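Novice: The structure follows.
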Amino acid sequence: MTVLTGTGLHKRYGNLHVLDDVGFTAAAGEAIGIVGPNGAGKTTLLNVLAGSVTPDSGTVRLGGDDVTRSGPQIRCRRGIGRAHQIPRPFGGMTVLENVLVGATYGAGLRGRAAHRHGIEVLRRCELLDLADRRAETLGLLHRKRLEMARAVATGPRVLLLDEIGAGLTDAEAAELVTTIRDLVAAGITVVWIEHIVHVLLQVVDRLICMDAGKVIADGEPTAVLRDAVVVDAYLGKGR
Amino acid sequence: MRVVRSDRSSRIGSAVLIVLGLILATVPQFFVATVVQQLTSLFIFVILAVMWNALAGYGGLVSVGQQAFIGFGAYGTVFLAQRDVPPYLAVLLAAVASAVLAAVLAPLVLRLRGGQFAVGTWVVAETLALLVVLDHSLGGGTGISLRGLNVFTPDERRAYTYWLALAFLVLLLAAVFVLLRSRTGAGLQAIRDDEEAAASLGVRVWRMKAGLYVLAGFGGGAAGALILANTLFIEPRSIFGVQWTAYMLFMVLVGGLGTFEGPLLGALLFFGVQYFFADYDAWYLIGLGLTAGAFALFLPRGLWSLVQVRLLPVGYHLRRDGPGD
Amino acid sequence: MSWANAVLQGVFLGGLYALFACGLSLMFGVMRIINLAHGDLAVLGAFVVWWIATEAGVSPWLALAAALPVALGLGYVLQKVVLTRSLRSGELTPLLTTFGLAIVIQNALLLVFSPDVRSLGSVTGSLTTGGFSLLGLTVPYLGLLILTVAIGVLGGLQLMLERTGFGREMRAAAQDPDTAALVGIPAGAVYARATAIAVATATLAGTFLAIHSTIDPASGPTQLIFAFEAVVIGGLGSLRGTLIGGLVLGMAQTIGAQIDPQYSILAGHLVFLAVLLRRTVTT
Amino acid sequence: KGAETSGGTDTLKIGFVSPRTGPAAGFGEPDSYVLELARKKLAEGLTIGGTKYQVVVVDKDSQSNPQRSAQVANDLINSEGVDLMLTTSTPETVNPVSDACEAAGVPCVSTVVPWQAWYFGRGAKPGQTDAYKYTFHFCFGVEQFHSAYTHLWPQVETNRKVAVMWPNDSDGNAIRASLGPMLEKSGYTIVDPGAYTNGSNDYSAQIARFKAEGCEIFSTFPIPSDFATFWRQAAQQGFRPKIAQAAKTGLFPSQVEALGDIGVGVASAAYWTPTYGYTSSLTGIGSQALGDGYQQAAGKQWSQQLGPSLALFDVAAAALTAAANPKDRNAVAAAIGACEVETPVGKLKWGSGPNRNVVATPILGGQWVPGTGAYPLDFVLCENSSDPNVPVAGQLKQYGTLT
Amino acid sequence: MSLLRLESLSARHGLLTAVQNIDLEVAEGETLALVGANGAGKSTLLRTIAGAHPPAGGRIAFAGTDITGGPAHQRVGLGLALVPEGRRLFPAMTVAENLAVAARRARPGEWTLSSVYDAFPALGPLRDRRASALSGGQQQLTAIARALLTNPRLLLIDEVSLGLSPAAVDTVYDTLTGLASRPTLVLVEQDLNRALTVAGRVICLLEGRIVLAAGTADVTREQVTEAYFGLRSPKAGA
Ligand SMILES: Nc1ncnc2c1ncn2[C@@H]1O[C@H](COP(=O)(O)OP(=O)(O)OP(=O)(O)O)[C@@H](O)[C@H]1O
Ligand SMILES: Nc1ncnc2c1ncn2[C@@H]1O[C@H](COP(=O)(O)OP(=O)(O)OP(=O)(O)O)[C@@H](O)[C@H]1O
Ligand SMILES: [Mg+2]
Ligand SMILES: [Mg+2]
């Protein structure tokens, strides 16, 4: 069963065709990786799926409903969680409060249930020690974790992650892999953009490669990575 | 491990505030006219400060045009009183009307951001002032007095105005407090810090901003109506004047932006400075300006940043119950 | 004919607004400082010019030439001593600082110069009161002069911002002073120079205001909203836009006045709001 | 309760509110000098009904702002417990102070607001003659302007077409409502393009209209900056009436000096000049001495404000002395209502004026001419229709013939 | 002689000491990899060296001059550049303008506007795009290019490969190491394989202190990985 689909998506900025007839489907419980060279349009695709950018044409469906014209807040409440590539924490609030925003608005929890959920999410994302810190004092990588924690706290059916693993040490990356595997095991569909391919491969069961606004490969991860076009466009020499 | 919202000092704080409110309610019985009148002015300042802080400090809506509602509340009262609505009822209705005005304006001004919002709201206020000037039944540019209150003796009038101001103040403080304690508070702060990110977490950005704007409109209107009841004469240029924003800015920033307690402190300070030094004419104003500058430079987070305790239980912390948790 | 005249006079009025808005635009659009003291700085500058002109008995133009370096210095010091610090602690703090500055200037002027009104128009003779006619319309010398100066100053500064290294540094420092320092820009000095320019243009505008009309210690705030409107109509960060914004506002007011004198300022406000709403719909 | 005040038994307190800062600060400027004179005299105390009272004057700045005015008035009433309030200059200051006094039952005397703007501006209905119980006013009104203008303007030959620039503010509205019709009745044609908003920066529309109509008289009630803007634009665009009659602007010499050459010859009107032949009954100072004293003390030219400000104290002393009990507010209010007193602006007598609360005082037409003494401009009275006791010093000259 | 020399350098964020008594020498021409766990203090250390964060104690000497108290822009003039964490481009300016700003006060050297576009061909087509419209990786490239344009003697890069596609990472490293007169490099790089190949020396930070400093030839991946957590406080494992 598919939860999230995008069909015939186009997005232009002036002359630049950032998304050029992109199609995308995600089945329930699937873990999908997206790779592609810088500027390929990965983040833009995520933006279109999450609702922060409206496509010039094409439709986005969530669980069968057309949500192309719905704003991000509506999509979030209907089950799309999203972590930004460049973290956007609520700087004036504590880490805990950041997560509670997701838990109360996104997941619709109230009172103690929200608090319990928030704490659980913080524990999962290894942020419990920083719960009372103002988010603006976090370093980049903690911000990335917070970005993910907030998205997880909204209780999503589909979780869209944008480069949350970059800059992690091997051990930290391993923890992240465990966390995301748990989420997938819990039935959440994960769509994950990441350049650190070996980390990505530990989680995803499908890989999409984009280049210049087009999907150039989509399928079983190792097969995609062996694809000559992908090697050429993305991995470069020496791989 | 659990999330806690109040610790002991904040419980004591709330209790003290409630008791203080009750004591204040008895003031007209026991104190001389001057105390009653001064406290009324103080309450009005506090209302203004609290409302502006709610807008700017929690919602990130830096409005330079809240005087639109002050003026509307005041002129609304005059308008209703001219139609034989009992004056104190008119005050109440005018505040509600200001909230309605805010709801009408919200779709227009809330599309603006940052500097555009600031200047846009200011221009809206000026436009309203000019419209009032054009209306001769409201006194046009001459200004107008609220005469209906002369049916009360001075003591009654003072006491009623006082109680009304206190009631509005308590109501608005409670509203802001409840708002901040409910999830709305967190949602608003999220919008203030990053609107797009808030939206992507499911916060209904527009609805919340509009709600806050309407509340602030109500508060501004109430303040305006009370100003009229307290001073009895208004004139468009000053009641719609941008100096109100300057005062609110002063009180809120000097007290502490985005804190519940800061604006209360700021209003108290502003009022005190005015009370004690206003007789020094130009020197007083220079002093006021220097105070503003000094706070901006040396204590930018405001007076409340000096006080470390949390007086009122807003905000969340994590309490670790035991090492084993 | 009178409609054409309204438009023409609106253009000249717009020149004055644009000039007034220039320094504001520089600080508001470029440095994100909402300078509530802008009007008062302009009046302060005009008072300085007036004082030099009367004390030394020289022409206002000479006095202006003498006052501009003073204004530059004042702006520089203002930024270094006061604004830099307040910028560090959030975007609202400069609002408080400049509010404080505004009342200090107003009341210091009151103490020093008394509440009397002054004008520089009294000594500039036929420039202020003369004009020539063109196609049946009156072209006032003063309006023409102000418009020319406005175009020169705003256009020149716009070119400076866009094309010169110094202009780029100014924009860079404005967007992110910390990072600017990391590419070698002395952000503090760049800011200070920008404020110096802003205060100098304010002095210029204040001087023209004092020729066009009168000044007294309380006249700073009255023109402030028009200047803000010009800046916002034109779009933040663009001095070319500010010039256009000033002209639009000036014409709106004179055309409004042509309909009924009461609608002059109101028409300006309504046009402003209309422009603003259209803009946010399209972008 | 209410009639007795809380002040000390043998001390009388007088409150004084005027604009000392803000846009109307020009009006309040000579007040410190006047206060000094009044305080010096009152320091001797007042003997009323055989009891000697100390008199204290507490003065406050209204900052030219109605809300501030009301606040300081309430302060004076409630904390200082003043027995009598005095206030002056512009409706923004005077009306709220009067309202506060009326509401609190404190007697109040005010001046320098055209009386219609004070009386009707505060809500009195047309035809009502005793709208207020505690507040009293003395000042010129529209009739006095009418009288002054109709006696002044015939001194120069014109086509009797009057261009008017009356703003939408308290003065402008009061004038438009009554002066216009009265002038028309006297045979003048009024060309009124409509009210404008204070602070407008362009007047081409009006100027074009005036030129098209060929107006030879110009009458205006602007704030100084607007007048300068208008008058310069008028010069640029070639509108040159034979009579330029300014009111409000033109009260103080600096406002006319600021205009430069085009200010010379502007006609104005005065509610007091040093040539008024009256003496302050409280201080015994004559008008000439008042003007000279101020020029000496302040180092600047006399201002019309000196007269009415000092007159307030004359009224205060007279009313308090006449009251059976100066601490009884009702008695003091009654005493003002029946008061008759000589002040620098003339002999004031309540009860004979347009209504119970108001004494209409004269305003006399005159012209600003090149100075002969220490100052660049002198004000010359050219007519005295509403007070023939004041000497006339010259004839109105056509505008533009004096330079 | 060492190009950079830190003597018991400390830096704080409020009450938290993020960098504690660091002693370090970096020799001219060397490449140093700085590694450490999340929040170890790497960014704070680099920012302190570059003058973007005030030191709480200790001294910084660069090319023989003490620069401890000097402002950041002066350090750029001396030849010290930082690619900060989070790229920090000037968002409202185009790529070309971002680069031109850096070029204006650049020291003389081989990096010019045209040589930068040659080295990073991906930037060419982006010239007139506003920085705020760039993708994450494009921003990273621009930031590195911008720092190179100041012709530094010592270049500090925080998270070199963050957001870059594998091919782009190769380009960047080739550019950084391939030059004849290449700058001395201090890199924060979490890709240990990469770090150990490129750098001559690796420094591992833990809670603001150096817990390992060794030539890359003398350590194994495992040793470095252990050092990340060497003294890891017990509570963090909870
Ligand atoms: N607002 C915009 N205006 C113009 N161009 C834009 C805008 N936003 C994105 N782009 C361009 O669209 C292209 C795709 O950007 P996107 O952020 O989707 O790339 P990406 O695949 O996520 O790359 P990266 O791996 O570097 O994050 C880029 O070339 C970018 O410069
Ligand atoms: N502005 C700040 N205010 C308070 N604490 C801060 C601030 N910036 C950083 N910190 C804290 O200082 C410590 C060191 O942070 P720093 O960013 O230097 O570490 P890092 O090694 O670069 O981490 P990362 O791997 O996340 O980039 C961390 O605990 C961090 O949370
Ligand atoms: Mg991306
Ligand atoms: Mg870091």
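Novice: Can you give me the Kirkwood hydrodynamic radius for chain A, using every pair of distinct Cα atoms, in Å to one decimal? Numbers along the way, then the final one.
Specialist: Numbers: mean 1/r = 0.0555 Å⁻¹.
Computed over chain A, the radius equals 18.0 Å.
Novice: Then there is this: Enter the buried accessible area of the C/D pair, total of both sides, probe 1.4 Å, in Å² rounded to the nearest 100.
Specialist: Details: alone 12910 and 14850 Å², together 25000 Å².
So the total buried area for this chain pair works out to about 2800 Å².
Novice: I would also like to ask the following. Got a number for carbon plus sulfur as a percent of chain C's accessible area, 1.4 Å probe? Can you show the working numbers first?
Specialist: Numbers: 6140 of 8990 Å².
Here it works out to 68 percent.
Novice: If you don't mind, there's one more thing I want to ask. For the stretch C:3-278, with every protein chain kept in place, what is the accessible area per residue (1.4 Å probe, Å²)? Show your work: numbers first, answer last.
Specialist: Values: 8390 Å² over 276 residues.
Using a 1.4 Å probe on heavy atoms only, each residue of the stretch C:3-278 averages 30 Å².
Novice: Roughly speaking, what is the centre-to-centre gap between the stretch B:166-218 and the stretch D:116-167 when only Cα atoms are used, to the nearest Å?
Specialist: 52 Å
Novice: If you don't mind, another one. Given the options D:Ala235, D:Ala270, D:Ala360, which has the most mean-square fluctuation in a GNM of chain D, springs set between C-alpha atoms less than 10 angstrom apart?
Specialist: D:Ala235
Novice: Is the C-alpha gyration tensor of the protein assembly as shown telling us rounded, prolate or oblate? Criteria: a/c under 1.5 is rounded; beyond that, a/b larger than b/c is prolate, otherwise oblate. Could you put the intermediate results ahead of the total?
Specialist: Working: a/c = 2.35, a/b = 1.88, b/c = 1.25.
Taking the square roots of the gyration eigenvalues as a ≥ b ≥ c, the protein assembly as shown is prolate.
Novice: Please give the Cα centre distance for the stretch A:92-159 versus the stretch C:74-89, rounded to the nearest Å.
Specialist: 38 Å
Novice: Note down the relative contact order for the stretch C:1-133 as a percent, whole number, built from C-alpha pairs under 8 angstrom at least six residues apart.
Specialist: Working: 71 pairs, mean separation 37.0, N = 133.
After rounding, I find 28 percent.
Novice: Under the rule a/c < 1.5 gives rounded, and otherwise a/b versus b/c splits prolate from oblate, where does the stretch B:1-140 land using the Cα gyration tensor? Intermediate results must be reported in sequence, preceding the final value.
Specialist: Working: a/c = 2.57, a/b = 1.22, b/c = 2.10.
Cα axes put the stretch B:1-140 in the oblate bin.
Novice: If you don't mind, there's one more thing I want to ask. For the C and E pair, go ahead and give the buried accessible area with a 1.4 Å probe, both sides summed, in Å² to 100. Before the final figure, lay out each step's value.
Specialist: Working: alone 12910 and 11060 Å², together 22170 Å².
Protein heavy atoms only, the C-E interface buries about 1800 Å².
Novice: Averaged over peptide B:128-137, how many Cβ atoms belonging to another chain are found within 10 Å of each residue's Cβ?
Specialist: Working: counts 1, 4, 11, 2, 0, 10, 7, 0, 4, 0.
For this peptide, the per-residue mean of nearby foreign Cβ atoms is 4.
Novice: While we're here: How many nm is it between the label spots at D:Thr189 and A:Thr54, if each spot is 7 Å from the Cα in line with the beta carbon?
Specialist: A separation of 6.0 nm, rounded to one decimal place.
Novice: For the stretch E:48-93, which whole percent of the accessible surface, found with a 1.4 angstrom probe, sits on carbon and sulfur atoms?
Specialist: Details: 840 of 1520 Å².
It is 55 percent, rounded to a whole number.
Novice: Would you be so kind as to list the residues of the stretch A:173-221 that have their accessible area lowered by at least 10 Å² in the full protein complex compared with their chain by itself (1.4 Å probe)?
Specialist: Residues passing the criterion (a loss of at least 10 Å², heavy atoms only) are A:Glu175, A:His195.
Novice: Something else: Do the sum for chain A: with -39,500 (n - 2.57) for every DSSP H run of n ≥ 4, divided by all residues, what is the mean residue ellipticity at 222 nm, to the nearest 500 deg cm²/dmol?
Specialist: On the way: 8 runs with 77 residues, N = 239.
Theoretical 222 nm ellipticity from helices: -9500 deg cm²/dmol.
Novice: Which residues belonging to the stretch D:153-191 lose at least 30 Å² of 1.4 Å-probe accessible area when the assembly is complete, relative to their chain isolated?
Specialist: With the partner chains in place, the stretch D:153-191 has these residues losing at least 30 Å²: D:Asn168, D:Ser170, D:Asn173.
Novice: Counting only heavy atoms of protein chains, what accessible area per residue, in Å², does the stretch E:1-125 have with a probe of 1.4 Å? Intermediate values should be presented prior to the final figure.
Specialist: Details: 4800 Å² over 125 residues.
It amounts to 38 Å² per residue over the stretch E:1-125.
Novice: For the stretch C:91-147 and the stretch E:175-194, what is the separation of their Cα centres, given in Å?
Specialist: After rounding, the separation between the Cα centres reads 59 Å.
Novice: What number, rounded to the nearest 500 deg cm²/dmol, is the helix-based mean residue ellipticity at 222 nm of chain D, given -39500 (n - 2.57) per DSSP H run of at least four residues and division by all its residues?
Specialist: Values: 13 runs with 141 residues, N = 403.
Calculated mean residue ellipticity at 222 nm is -10500 deg cm²/dmol.
Novice: Chains D and B: buried accessible surface, both sides, probe 1.4 Å, rounded to 100 Å²? Can you show the working numbers first?
Specialist: Details: alone 14850 and 16080 Å², together 27980 Å².
By this definition, chains D and B bury close to 3000 Å².
Novice: Moving on. So how do C:253-263, E:99-109, A:152-162 stack up, highest first, on mean other-Cβ count within 10 Å? List each step's numbers first, then the result.
Specialist: Numbers: C:253-263: 23.3, E:99-109: 18.9, A:152-162: 25.2.
Top to bottom by mean Cβ count within 10 Å: A:152-162, C:253-263, E:99-109.
Novice: Another question, then. Distance in nm between label sites at A:Val231 and D:Ser352, each 7 Å beyond Cα in the beta-carbon direction?
Specialist: With each label placed 7 Å out from Cα toward Cβ, I get 11.7 nm.
Novice: Quick check: the angle from helix B:205-231's long axis to the longest principal axis of chain B, C-alpha only, nearest 10 degrees?
Specialist: The answer is roughly 40 degrees.
Novice: At a Förster radius of 30 Å, what calculated FRET efficiency corresponds to the Cβ-Cβ distance of B:Phe298 and B:Ile23, to the nearest 0.05? Mind showing how you got there, number by number?
Specialist: On the way: r = 34 Å, r/R0 = 1.15.
With R0 = 30 Å, the Cβ-Cβ based efficiency is 0.30.
Novice: How high is the FRET efficiency from A:Gln202 to C:Phe132, r the C-beta distance, R0 60 Å, rounded to 0.05?
Specialist: On the way: r = 83 Å, r/R0 = 1.38.
It comes to 0.15.
Novice: Take every residue in peptide B:149-157, count the Cβ atoms of other chains within 10 Å of its Cβ, and give the average of those counts. Mind dumping the intermediate values first?
Specialist: Details: counts 2, 7, 0, 1, 5, 10, 3, 0, 2.
Counting Cβ atoms of other protein chains within 10 Å of each residue's Cβ and averaging gives 3.
Novice: Moving to a separate point now. So if the hydrodynamic radius of the stretch E:4-228 is defined as the Kirkwood radius over C-alpha pairs, what does Stokes-Einstein give as its diffusion coefficient at 37 °C and 0.692 mPa s, in µm² per second? The partial results should precede the final answer.
Specialist: Working: Rh = 17.7 Å.
It diffuses with D of about 185 µm²/s by this estimate.
Novice: Take B:Val178, project a point 7 Å from its Cα along the Cβ direction, then tell me which residues of the stretch B:42-75 have their backbone nitrogen under 14 Å from it.
Specialist: none
Novice: Quick one: among A:His142, A:His84, A:His17, which has the greatest mean-square fluctuation in a GNM of chain A with alpha-carbon springs under 10 angstrom?
Specialist: Comparing A:His142, A:His84, A:His17 in a Gaussian network model of chain A, the most mobile one is A:His17.
Novice: Could you work out how far helix D:91-104 tilts from the main Cα principal axis of chain D, as a 0 to 90 degree angle to the nearest 10?
Specialist: 30 degrees
Novice: For chain B, which longest stretch is free of loop sites, where a loop site is one of the chymotrypsin sites (Phe, Trp or Tyr not before Pro) that DSSP puts outside H, G, I, E and B and that has at most 16 other Cβ atoms within 10 Å?
Specialist: After excluding every exposed loop site, the longest remaining stretch is B:153-325.
Novice: Restricting things to alpha carbons, find the Rg to Rh ratio for chain B using the Kirkwood radius for Rh. Intermediate results must be reported in sequence, preceding the final value.
Specialist: On the way: Rg = 20.1 Å, Rh = 20.5 Å.
A ratio of 0.98.
Novice: Another one. What FRET efficiency, computed as 1/(1 + (r/R0)^6) with R0 = 22 Å and r the Cβ-Cβ distance, is obtained for E:Asp174 and E:Ala214, rounded to the nearest 0.05? Walk me through the intermediate numbers first.
Specialist: Details: r = 25 Å, r/R0 = 1.15.
So the FRET efficiency works out to roughly 0.30.
Novice: Measure nothing but the geometry: give the 0 to 90° angle between the long axis through the Cα atoms of D:31-42 and the longest principal axis through the Cα atoms of chain D, rounded to 10°.
Specialist: The answer is roughly 30 degrees.
Novice: If a/c stays under 1.5 just call it rounded; otherwise compare a/b with b/c (prolate if a/b is bigger, oblate if not). Do that for chain C, with a ≥ b ≥ c from the square roots of the Cα gyration tensor eigenvalues. Provide the component values of the computation, followed by the final result.
Specialist: On the way: a/c = 1.71, a/b = 1.23, b/c = 1.39.
Cα axes put chain C in the oblate bin.
Novice: While we're here: Would you calculate the separation in nanometres between label points at A:His17 and D:Thr372, each defined as 7 Å from the Cα along the Cα-to-beta-carbon direction?
Specialist: The answer from the label model is 9.2 nm.
Novice: Within the stretch D:64-152, which GluC sites (Glu not before Pro) sit in a loop by DSSP and count at most 12 neighbouring Cβ atoms inside 10 Å?
Specialist: Working: sites: D:Glu80, D:Glu92, D:Glu102, D:Glu143; in loops: D:Glu80.
Answer by residue number: there is no such site.
Novice: Averaged over peptide D:253-266, how many Cβ atoms belonging to another chain are found within 10 Å of each residue's Cβ?
Specialist: Mean inter-chain Cβ contacts per residue within 10 Å come to 5.
Novice: Using a Gaussian network for chain A with springs between C-alpha atoms less than 10 Å apart, which of these wobbles most: A:Thr189, A:Thr59, A:Thr179?
Specialist: The residue that fluctuates most here is A:Thr179.
The values are calculated or read from the model by the stated rules, or taken from the named source; none is laboratory data. All values derive from a computational prediction rather than experimental measurement. Using ideal geometry, Cβ is built from the backbone for each residue, glycine included, and neighbour counts are taken over all protein chains shown. Note: accessible area is taken over every heavy atom of the protein model, side chains too, but ligands, DNA and RNA are not part of it. Shrake-Rupley method; radii C 1.70, N 1.55, O 1.52, S 1.80 Å.
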